Amino acid sequence: MSAGAPKAPEAAARRAAELRRLIDRYNYRYYALDDPEVPDAEYDQRLRELQALEAQYPALVTPDSPTQRVGTSPVAAFAEVRHRLPMLSLDNAFSDEEVRDFDRRVRERLGEAASVAYSVEPKLDGLAVNATYVDGVYARAATRGDGEKGEDITANLRTIRSLPLRLHTRTPPRLLEVRGEAYMPLAGFRRLNEQAAARGEKTFVNPRNAAAGALRQLDPAVSAARPLDFFVYGIGEVDGGSLPERQGELLETLRRLGFRICPQTRVVASIDGCLRYFREIGAERHRLAYQIDGVVYKVDDFAQQRRLGFVARAPRWAIAHKFPAEEAMTTVRGIEFQVGRTGALTPVARLAPIHVGGVTVSNATLHNIDELHRKDVRIGDTVVVRRAGDVIPEVVMVLAERRPHGTHRVELPKVCPVCGSPVERVEGQAIARCTGGRRCPAQRKEEIKHFASRRALDIQGLGDKLVEQLVDAGLVSSPADLFELDEPRLAALDRMGEKSARKLVAAIEHSKRTTLPRFLNALGIRDVGEATAATLATHFGSLDALREADEARIREVPDVGPIVAANVFAYFRDRDNAAILDRLLASGIHWPALPTPARGALAGKVFVLTGTLEGYTREDATERIVARGGKVTGSVSKKTDYVVVGREPGSKLDKARSLGLAILDEAEFTRLLRD
């Protein structure tokens with residue numbers, strides 16, 4: 001404090017202390033408990049008030065003030081920190097047999113016949129960190145480094161809001177080291193890369209690299225701008241106070257002290273419980289908000305841990321059970337352009353087959369021509385390929401140092417590789433399209449595949465291979481032709497037969513009863529997916545009203561922007577589309593009238609649906625919400641009241657969590673409808 005700095009009045013000091021407690025509590029509820037107490041605006045208001053008080057009276061600034069997370073001066077270099085207790089690495093297991101061998105060794109060394117309880121948790125793919133608290137106040141942080149010494153990242157780790165700057169206890173230990181993983185949530189990682197790409201900057205390969213890069217910024221303000229988070233999973237040295245004697249109980253104690261604990265952590269009774277947990281987390285892996293590469297098993301009892309001890313640089317009482325690698329190296333044998341339903345050309349890399357993510361991969365998407373050029377993928381290149389769950393494999397990066405001589409940059413074709421029509425690319429857009437429309441066999445096939453798909457007309461038995469066969473045989477050229485197929489013509493196809501033909505005709509007949517949102521989605525209007533189709537259906541109430549609407553009226557629909565409105569208007573004004581629509585309706589396709597919106601408990605409430613609900617179709621859930629006065633939209637925003645989550649939710653769940661929105665599972669959604 002400078003000599004002329006004003007002394008803070010007692011009222012200002014009390015208010016600053018109260019604001020620090022409030023903001024600390026808000027952070028704990030939001031980050032550690034995933035249970036926001038106040039809206040973002042309230043949080044921001046309190047933080048600005050504290051900043052103003054501290055600016056007016058610098059003597060009020062304390063080391064644990066929330067305002068000190070950002071804004072410290074850049075450092076010239078990272079100082080070296082020697083850990084009081086080594087930060088050990090873990091041995092790895094890659095099979096159930098290796099895990100059972102680990103359990104057998106544990107029980108043999110303990111000499112106990114009874115099964116050993118294990119604390120189990122996801123193995124986050126981030127950066128291991130040691131944070132030190134002195135008399136309950138955050139004092140220092142360091143990376144794991146080589147286990148004996150790491151780099152001082154005190155100022156950078158301080159910027160993470162889920163990290164408490166003061167422990168939530170009146171009687172803190174004199175010294176407490178907590179150990180955990182600094183990581184970047186997947187939603188934040190995607191935003192970071194999108195922003196970098198928009199600025200023409202290099203993007204990060206994976207969230208772990210992004211987190212490590214963020215924490216190793218010389219300017220903490222740069223770290224503060226990165227979407228980092230922190231989970232605590234253990235402790236180092238402790239001086240004073242008492243802590244539980246079991247890992248599971250310790251984590252609960254750390255949670256009460258203000259730390260964020262991975263919600264998937266639990267205690268299981270045996271090694272069979274460990275393996276069940278591994279399979280459960282493996283199934284949930286790609287729905288988690290963060291990246292993991294395995295599971296960690298720890299003997300739960302600390303007394304047993306001490307008896308087991310260590311070997312070399314790893315504990316005998318813990319092991320990491322790793323998932324199959326999701327990234328692997330291979331070579332590019334060719335690059336082709338696939339033509340989609342709307343004519344969009346997507347470059348695809350044909351790869352030397354490689355085993356990654358549990359399957360053999362021989363193709364990977366390159367998204368669009370801009371992405372292809374940005375990564376500069378060429379035939380003959382050695383590349384890193386990533387596959388995450390059911391996501392289409394993609395080329396992550398090129399290993400330029402392995403590039404053979406004589407390669408050439410791949411350019412966008414001037415004509416469609418399927419039908420020879422000119423390829424058109426609107427200035428400022430990444431997507432290039434074949435202009436052939438339904439004259440292009442590829443577009444015809446994709447249009448019919450979409451029309452028959454599960455979330456559209458849901459024609460059972462009409463798979464991709466059969467659609468291609470029907471188009472190649474000249475039996476189908478538009479969705480309307482499907483309803484003119486008969487058993488004799490179908491039975492004449494290769495590998496079809498009379499029984500299969502009869503089933504398919506029955507499935508086509510059954511698909512005629514549908515809903516207006518499904519039908520609009522099935523038409524494949526550019527940029528109109530399930531949510532927008534439901535919004536259009538709800539707004540206009542009937543197909544006739546939508547067909548007659550001008551572009552200005554379509555733009556009045558909530559969440560429908562000018563580009564989508566133009567595409568919808570153009571679709572219904574196209575003569576070929578109009579003729580197909582008339583034929584579809586004449587074939588007998590029909591749907592029940594939409595319910596009239598009612599004023600009720602959900603009046604004015606905005607819903608977003610994500611994932612698959614067990615007891616409702618997407619259309620059924622939408623109709624029930626609308627019937628009670630609510631509205632369903634396709635995008636999550638601060639205006640969203642509820643996000644309803646089913647199986648395999650998408651990125652909408654991550655965004656809902658980041659905004660602190662109300663999230664309902666299916667049981668809670670059902671109760672809300674009933675109430």
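The values are calculated or read from the model by the stated rules, or taken from the named source; none is laboratory data. Model, not experiment: these values are computed from the prediction. Ideal geometry is used to build each Cβ from the backbone, glycine not excepted, and the neighbour counts take in all protein chains shown.
Going through (1) within 22 Å of LEU176 (Cα to Cα); (2) without any contact (Cβ under 8 Å) to a residue 12 or more places away in the chain one by one, ARG107 falls short only on (1). With respect to ARG547, determine if the residue is outside any loop (DSSP other than H, G, I, E, B), in contact with a Phe, Trp or Tyr (Cβ under 7 Å, 6 or more places away or on another chain) and either touching a residue at least 40 places away in the same chain (Cβ under 8 Å) or not assigned by TED's automatic domain parsing to the domain that holds GLY630 (or both). Here the answer is yes, as ARG547 does meet what is asked.
Can you tell me which residue within segment 266-311, out of those that are among the acidic types (Asp, Glu) and within 30 Å of ARG191 (Cβ to Cβ), is modelled with the highest pLDDT? Please lay out each step first, then the result.
Of the residues in segment 266-311, the ones among the acidic types (Asp, Glu) are 272, 280, 284, 293, 300-301.
So of that shortlist, the ones also within 30 Å of ARG191 (Cβ to Cβ) come out as 280, 284, 293.
Details: GLU280: 92, GLU284: 87, ASP293: 86.
Applying the filter and picking the extreme gives GLU280.
Would you point out the residue of segment 1-48, among those that are assigned to a helix (DSSP H, G or I) and modelled with pLDDT under 60, that is surrounded by the most Cβ atoms within 10 Å (Cβ to Cβ)?
First, the residues of segment 1-48 that are assigned to a helix (DSSP H, G or I): 10-32, 40-48.
Adding the requirement that they be modelled with pLDDT under 60 leaves 30-32, 40-41.
Values: TYR30: 20, TYR31: 20, ALA32: 23, ASP40: 14, ALA41: 9.
Taking the candidates together, the pick is ALA32.
Selection over segment 308-328 of residues that are surrounded by 15 or more Cβ atoms within 10 Å (Cβ to Cβ) and over 31 Å from the mean Cα position of the chain (by Cα) gives a count of 5.
Given the residues GLU249, GLU201, GLU181, which is the only one that is surrounded by fewer than 17 Cβ atoms within 10 Å (Cβ to Cβ) and either modelled with pLDDT of 90 or more or of a type in the set (Lys, Arg) (or both)?
Working: GLU201 fails: either modelled with pLDDT of 90 or more or of a type in the set (Lys, Arg) (or both); GLU181 fails: surrounded by fewer than 17 Cβ atoms within 10 Å (Cβ to Cβ).
Exactly one of GLU249, GLU201, GLU181 is surrounded by fewer than 17 Cβ atoms within 10 Å (Cβ to Cβ) and either modelled with pLDDT of 90 or more or of a type in the set (Lys, Arg) (or both), namely GLU249.
Across segment 557-574, which residue is nearest to the chain's Cα centre (by Cα) among those that are of a type in the set (A, V, I, L, M, F, W, C) and in a loop (DSSP other than H, G, I, E, B)? First the steps, then the outcome.
From segment 557-574, those of a type in the set (A, V, I, L, M, F, W, C) are 557, 560, 563-566, 568-570, 572; that's our starting set.
Checking which are in a loop (DSSP other than H, G, I, E, B) leaves us with 557, 560.
Values: VAL557: 28, VAL560: 24 Å.
The qualifying residue nearest to the chain's Cα centre (by Cα) is VAL560.
Residues of segment 207-239 that are touching a strand residue (DSSP E or B) at 6+ places or on another chain (Cβ under 8 Å) and over 11 Å from ILE160 (Cβ atoms): PRO207, ARG208, ALA212, ARG216, VAL232, TYR233, GLY234, ILE235, GLY236, GLU237, VAL238, ASP239. Of the residues making up segment 386-430, those that are crowded, with 17+ Cβ neighbours inside 10 Å and either outside the structural domain of GLY340 (by TED's automatic domain parsing) or touching a Leu at 6+ places or on another chain (Cβ under 7 Å) (or both) are VAL395, VAL410, VAL423.
For segment 446-477, the candidate set comprises residues that are under 20 Å from ALA492 (Cα atoms) and either of a type in the set (D, E, K, R) or in contact (Cβ under 8 Å) with a residue 60 or more places away in the chain (or both); within that set, the residue that is surrounded by the most Cβ atoms within 10 Å (Cβ to Cβ) is GLU468.
The one condition from (1) in contact with a His (Cβ under 8 Å, 6 or more places away or on another chain); (2) surrounded by 15 or more Cβ atoms within 10 Å (Cβ to Cβ); (3) not acidic (Asp, Glu) that PRO558 does not meet is (2). Please tell me if ALA55 is at negative phi and modelled with pLDDT under 60. When the stated conditions are applied, ALA55 does not pass them. In summary, strands (runs of 3 or more DSSP E) completely within segment 380-443 and bearing 1 or more residues that are among the acidic types (Asp, Glu) and more than 30 Å from PRO207 (Cβ to Cβ) occur at 423-425. Screening segment 329-378 for residues that are in contact with an Asp or Glu (Cβ under 6 Å, 6 or more places away or on another chain) and in a strand (DSSP E or B) and picking the one that is surrounded by the fewest Cβ atoms within 10 Å (Cβ to Cβ) gives THR365. No other residue among ARG313, ARG341 is over 30 Å from GLY111 (Cβ atoms), of a type in the set (D, E, K, R) and touching a residue at least 12 places away in the same chain (Cβ under 8 Å) apart from ARG341. Among the residues of segment 513-544, just one is touching a His at 6+ places or on another chain (Cβ under 8 Å) and assigned to a helix (DSSP H, G or I), namely ALA522.
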